[in-house]
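Please read the structure below before turning to the comments.
Taken together, the values in this text are just the output of simple stated rules run on the coordinates, not laboratory data. Bear in mind the structure is a predicted one, so any value in this text is a computation, not a measurement. FYI the Cβ positions are ideal-geometry reconstructions off the backbone, even for glycines, and counts take in every protein chain you see.
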Amino acid sequence: MLYEVKTPREYLEAITDDWRKQKLMQVRELITKNGPDLNEGISYKMLSYEHNENAVFHLNAQQAYVSLYVGDVKKVENAKELLKPFNVGKGCIRIKKSIDLSETQLEEFIKQVLDIQKEGGNTDC
């Protein structure tokens, strides 16, 4: 789902207060905790997290899941293992209602993406 908003605050207010908002907030916390230097904004009508004007993550509440976009997940070592419980596309991690994020390695995956970024690399498509 795409939201007609201009700020992260408006985005968070526009999302229905259900399990998707809860999951989105959990992922948002993992991103902001591990990437305190990232700038949170709106890009492509969803939350975006940028470093030096380069998008690192996009986060969005869809109808049946929460999407975390990272470009190309294969650029992260052990991505397949770290993202085992998730439905994963080339650059999209789909977080469904039944997944308990505390029992996953999503935070480690986020840390690795941020490490790649800090080292001057990228996870772009």
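For the stretch 20-119, the set of GluC sites (Glu not before Pro) satisfying both a DSSP loop assignment and a count of at most 14 other C-beta atoms within 10 Å is given as GLU53, GLU77, GLU119. Taking trypsin sites (Lys or Arg not before Pro) across the stretch 1-94, the ones in a DSSP loop with at most 11 further Cβ atoms lying within 10 angstrom of their Cβ are LYS6, LYS90.
Dipole magnitude for the chain: about 440 debye, using +1 per Lys or Arg Cβ and -1 per Asp or Glu Cβ, origin at the Cα centre.
In the chain, if the dipole is taken from +1 on Lys/Arg beta carbons and -1 on Asp/Glu beta carbons about the Cα centre, which of GLN112, VAL66, ASN122 is farthest to the positive end? Most positive-ward Cα: VAL66.
The alpha-carbon of LYS96 sits under 24 angstrom from the alpha-carbons of these lysines, leaving out residues fewer than 8 places away in its chain: LYS21, LYS23, LYS33, LYS45, LYS74, LYS75, LYS80, LYS84, LYS111.
Calculated from the alpha-carbon coordinates, the chain shows an Rg and a Dmax of 13.4, 37 Å respectively. In a fully extended conformation the segment linking GLU4 and LYS97 would gain 31.1 nm over its present Cα-Cα distance, using 0.36 nm per residue.
Taking θ as phi - 60° and the Karplus parameters 6.51, -1.76 and 1.60, the scalar couplings of the stretch 65-81 work out to 6, 9, 9, 10, 9, 10, x, 10, 5, 5, 7, 9, 4, 6, 4, 4, 6 Hz in sequence order, x denoting glycine and proline. Database remark: amide H of VAL56 closer than 5 angstrom to the amide H of TYR49, GLU50, HIS51 (H placed geometrically; neighbours at sequence offset of 5 or more, or on other chains; Pro and chain starts carry no H).
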